[in-house]
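Below you'll find the structure, written out as structure tokens, and then a few comments.
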Amino acid sequence: MAGLTGCKESTPDVVGLDLNAATAKLEGQGLKVGSVVREFAGADKPAGSVLRQEPAPGASLAKGAVVNLVVEHSLTMPNI
């Protein structure tokens, strides 16, 4: 198993990025997006922005590991 010690990546912080930018940043680090859960956090959060990630930023992961995301799901009120 020699040589595998250099195959770890520090998980980048993608909180606040939109889903496309977060995906690109994770893939650029050799990581993959796992599950994406949509959650309403409030009107002050931009739709599609990452609210949380698991594992947390800075965690040491093997290349190809999965990072799960929770993304803002905005509610659109109909015009009456």
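The values are calculated or read from the model by the stated rules, or taken from the named source; none is laboratory data. Quantities reported herein were computed from a predicted structural model and do not represent experimental measurements. Cβ placement follows ideal geometry from the backbone for every residue including glycine, while neighbour counts extend to all protein chains displayed. These area figures cover heavy atoms from the full protein model, side chains too; ligands, DNA and RNA do not enter into them. Shrake-Rupley method; radii C 1.70, N 1.55, O 1.52, S 1.80 Å.
A count restricted to the range 59-80 and to residues that are surrounded by fewer than 11 Cβ atoms within 10 Å (Cβ to Cβ) and not in a loop (DSSP other than H, G, I, E, B) stands at 1.
Among the residues here, SER49 does not qualify as hydroxyl-bearing (Ser, Thr, Tyr), in contact with a strand residue (DSSP E or B) (Cβ under 9 Å, 6 or more places away or on another chain) and open to solvent by 50 Å² or more (accessible area, probe 1.4 Å).
Restrict the check to the range 13-28 and report whether at least one residue is of a type in the set (Lys, Arg), modelled with pLDDT of 95 or more and not in a helix (DSSP H, G or I). No; the residues of the range 13-28 include none that is of a type in the set (Lys, Arg), modelled with pLDDT of 95 or more and not in a helix (DSSP H, G or I).
How do the pairs read when you match residues in the range 24-40 that are loosely packed, with under 14 Cβ neighbours inside 10 Å with residues anywhere that are at pLDDT below 95 and hydroxyl-bearing (Ser, Thr, Tyr), using Cβ under 9 Å and keeping only pairs 6 or more apart or on different chains? Note: pairs meeting the criteria are PHE40/SER74. Among residues that are modelled with pLDDT under 95, small (Gly, Ala, Ser) and within 14 Å of the chain's Cα centre (by Cα), GLY3 is not included. Residues of the range 2-12 that are open to solvent by 70 Å² or more (accessible area, probe 1.4 Å) and assigned to a loop (DSSP other than H, G, I, E, B): ALA2 alone.
Out of ALA43, ALA56, one residue alone is farther than 18 Å from THR11 by Cα and assigned to a loop (DSSP other than H, G, I, E, B). It is ALA43.
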